[in-house]
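Presented below is the structure to which this report refers.
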Amino acid sequence: MPENSIASGTAAARPIHAGRPTSASAVQAKKEPKQDMITMARSVPSVFCAHTHMTIAKMKNRLQARALIHPRTKEILSGARKAQVRNMTATTASSRPIRNCTNFPKGFFAITNLRGGIMHRKTLRVNIGVRCARGYNASIMDTSPAHMVKEKLHVLDVLKGYIEVQQAGRNFKALCPFHHEKSPSFMISPDRDTWHCFGCGEGGDIFTFVMKYENVEFGEALKILAEKAGIELRRVSPMEYKHFGLLYDLNAAARDFYRKMYVESPLASDYLKTRGLAPETIEEFEVGWASQGTDELSRHLVNLGYASDDILRAGLAVKSDRGRMFARFRGRIMFPIWNHSGKVVGFTGRILPQFDTGDMGKYVNSPETPIFQKSKLLYGFSKVKNAVRDAGMALLVEGQMDMLMVWQAGVKNVVATSGTALTGEHLHALRRLAGKVVLSFDNDSAGYAALERAIDLAESLDFGVKIAVVEGYKDAAEAVQADPGSIAAMVEKAKPAAQFYFDRYLPRGAGDLRDRDYLLKLRRVLAKLKGMASAVERSAWLQDLAERTGINEPALVAEMERIEVPAAPAPRASEAPAGVPSRKLSRWELLAERTISAAAAKSDFTLGEDVVPYFPEPYAAVWSILKGGGRKAEDPDLDRVIDAVLLVAEDIGPAEFEELKNQLRKEGLRERRLELTMKVKQAQQSGNEDLLNGAMEELQRLPTY
């Protein structure tokens, strides 16, 4: 291995975050099996810091860190060697935090850093090779692609590209993109390079955020972030490629094949021309053509080197009872479906009218695969999400042709469902970008039924919902083809959902309250109002309904309360909030958490030593870990408490800190008194004199406040 590099393709060292904790890393040495620690320290090309990758000299200059160097290595910072160390530069940005560095040969140095609100004092054995007797050229850093990406990209920089954040002390906060909330509970910690939502319990690093936000697996999240970081991914594990990467490649190859077939087919291009689709739109959305041939695509993919079993697994072909493989899509216009990061994951095929025998579906979709779940994906979302974000609203239509024609007419913030009804996962994807949605479904009975289901679901998720009614046309595509400017006007004049229901079921002057049918329609509208997430909005519409029907508002409210409204559709397992539930803390726990946070913010844990005996579990353990310079715990539950403490760290004045400690003492004594009182009662009931006497003595010794 070259002396001044660790691995090819490593990322450049990233700049240090102000307030970010610093710790020591390892030293690379020459191939001298028996040289002592001083000689090795003199000869190293670089000195690494596991989090900031600064040289020891730079840490002294920039962070005012105190370097506690082993006596045998101390002279590296003196005399002529000091200049040599000061001029050293890091050669890699990929490192393993020192808590994970194990099995290193003997020799060590330590760094004490008083920055970042936490004192860090770590002793690290120098990694001078896997086998000491065979030389000292072993890699000393973790050079995995994931570590390289994390060292190049800060959590704050990544998340700011997805959500709006605002500073909150040393941390940042935002509205959680994974559940609806009106007050920010989503916290970002640059110090720890993590995020956590105290509302839904979600949390993690940049990879977990992208996986959940983009609805992708880890491998795809790694590719997205590697591209942002400018890192070339040269290797993918065979298992990961077989499960995910191969399917992406097959769908991309099929897309290219269908595009080529379209260019060669006047039959397909003539049909789309009659539907009003422009060549530019067809090119942008990569519309293709699957001929009537039964095995053209399969033969093409096999010639490219793909196996038949993988073609079947990707859903591009099916196998007959006799074992013959033939194309899933034949005689169809092909619409590629992209995931939210722009990868082709499946297709929808629309049969040409002349090939429709009536015994096959007009539309056929790819089957569910590890990379394609239609309940999660909105057609066109990856191409229009910036337009949706800019508008603060999404126009939702049914089917690919509606979406393409509306987009072509200039309304760019449009998406479509594809082969499935609208789901909560679809709306959660939109919620991250916009809080309002305009619905425009087919102008028939099936379309109206789907529209009402969509309204109910969106209302339950607290969207602002409006309806763009396509009057005089079957659907949005037909309206655009007749008048390209009509759709923008329809969106502009879209009705609020409640108004849509009023006009549909209770037209003015067309009802008689003594008519049973009219009463049933009224109850239907009241049920829709009851399902609204906002009580304020519901009240406003009840006032309008009272004016419209001539029924006083209290009577309407009484009637509405009698109506049983079905619960909103439960989220699928994959969309339900994962991770820990919201933390419900007692006053005692809140006082302990704030005390530790204040000490951490002051970088002085001696200030709270006198109240440690009053901490509830597990805060005494948290105090011990943070005081010792740690920021992680092996116990996941304890680690979540550390996360919570550090995310709310806030420096407070001396008087406020003393009052906080006094309140903690009082609460701790109160809890202990309650505990001892229970022991006394139990001892009296059981006749245990020893337990009774011990509890009574401790009760008497407890100080009073």
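The values are calculated or read from the model by the stated rules, or taken from the named source; none is laboratory data. Please read all numbers here as calculations on a predicted model, not as lab measurements. Ideal geometry is used to build each Cβ from the backbone, glycine not excepted, and the neighbour counts take in all protein chains shown. Note: areas computed on protein heavy atoms with side chains; ligands, DNA, RNA excluded. Shrake-Rupley method; radii C 1.70, N 1.55, O 1.52, S 1.80 Å.
A few points about this structure:
- Residue within the stretch 548-555 that is closer than 30 Å to residue 414 by Cα, open to solvent by 70 Å² or more (accessible area, probe 1.4 Å) and at pLDDT 85 or above present: no
- Helices (runs of 4 or more DSSP H) lying entirely in the stretch 462-545 (those with 3 or more residues that are hydroxyl-bearing (Ser, Thr, Tyr) and touching a Pro at 6+ places or on another chain (Cβ under 8 Å)): none
- When each of 335, 347, 381, 355 is tested for being of a type in the set (Phe, Trp, Tyr) and surrounded by fewer than 17 Cβ atoms within 10 Å (Cβ to Cβ), the lone residue that passes is 355.
- Top-ranked residue of the stretch 315-324 - restricted to ones that are surrounded by fewer than 19 Cβ atoms within 10 Å (Cβ to Cβ) and not in a loop (DSSP other than H, G, I, E, B), ranked as modelled with the lowest pLDDT: 319
- Of all residues in the stretch 265-279, exactly one satisfies the criterion of being in contact (Cβ under 8 Å) with a residue 24 or more places away in the chain and either open to solvent by 80 Å² or more (accessible area, probe 1.4 Å) or of a type in the set (Lys, Arg) (or both), namely 275.
- Figure legend. Inter-residue proximity from the stretch 680-704: first residues more than 19 Å from residue 670 (Cα to Cα) and among the charged types (D, E, K, R), second residues assigned to a helix (DSSP H, G or I) and open to solvent by less than 100 Å² (accessible area, probe 1.4 Å), beta-carbon distance below 8 Å, spacing 6+ or different chains. Indicated pairs: 689/683.
- Only listed residue being among the charged types (D, E, K, R) and under 28 Å from residue 174 (Cβ atoms), chosen from 459, 452, 471: 459
- Leading residue by the ranking (farthest from residue 461 (Cα to Cα)) among those in the stretch 488-514 that are loosely packed, with under 11 Cβ neighbours inside 10 Å and of a type in the set (Asp, Glu): 512
- Boolean, residue 149 is outside any strand (DSSP E or B), under 19 Å from residue 223 (Cα atoms) and within 14 Å of the chain's Cα centre (by Cα): no
- Among the residues listed as 148, 141, 187, the single one being modelled with pLDDT of 85 or more and surrounded by 20 or more Cβ atoms within 10 Å (Cβ to Cβ): 187
- Long-range neighbours under 8 Å by Cβ, at least six apart or interchain, first residue in contact (Cβ under 8 Å) with a residue 24 or more places away in the chain within the stretch 294-305, second among the charged types (D, E, K, R) and open to solvent by 60 Å² or more (accessible area, probe 1.4 Å): 294/330
- Among the residues of the stretch 370-395, those that are closer than 24 Å to residue 256 by Cβ, modelled with pLDDT of 90 or more and out of contact with any Ser or Thr (no Cβ under 8 Å at 6 or more places or on another chain) comprise 380, 381, 383, 384.
- Scoring residue 229 on the criteria (1) closer than 19 Å to residue 156 by Cβ; (2) without any contact (Cβ under 8 Å) to a residue 40 or more places away in the chain leaves a single failure, condition (2).
- Residue match in the stretch 434-449 (condition: among the basic types (Lys, Arg), under 16 Å from residue 411 (Cβ atoms) and surrounded by fewer than 18 Cβ atoms within 10 Å (Cβ to Cβ)): yes
- Residues that are closer than 16 Å to residue 424 by Cβ and charged (D, E, K, R) within the stretch 453-483 comprise 453, 456, 459, 462, listed in sequence order.
- Test: residue in the stretch 396-418 that is part of a strand (DSSP E or B), modelled with pLDDT of 90 or more, open to solvent by less than 30 Å² (accessible area, probe 1.4 Å) and farther than 20 Å from residue 374 by Cβ: no
- Listed by position, the helices (runs of 4 or more DSSP H) enclosed by the stretch 608-705 that each have at least 2 residues that are out of contact with any Asp or Glu (no Cβ under 9 Å at 6 or more places or on another chain) and modelled with pLDDT under 80 are 636-647, 654-686, 689-701.
- Extreme residue, nearest to residue 451 (Cα to Cα), among residues of the stretch 462-501 that are among the acidic types (Asp, Glu) and in contact (Cβ under 8 Å) with a residue 60 or more places away in the chain: 475
- Within the stretch 216-236, being surrounded by fewer than 20 Cβ atoms within 10 Å (Cβ to Cβ) and not in a helix (DSSP H, G or I) holds for 217, 230, 232, 233, 234, 235, 236.
- The conditions of being aromatic (Phe, Trp, Tyr), touching a strand residue (DSSP E or B) at 6+ places or on another chain (Cβ under 6 Å) and open to solvent by less than 20 Å² (accessible area, probe 1.4 Å) are not met by residue 363.
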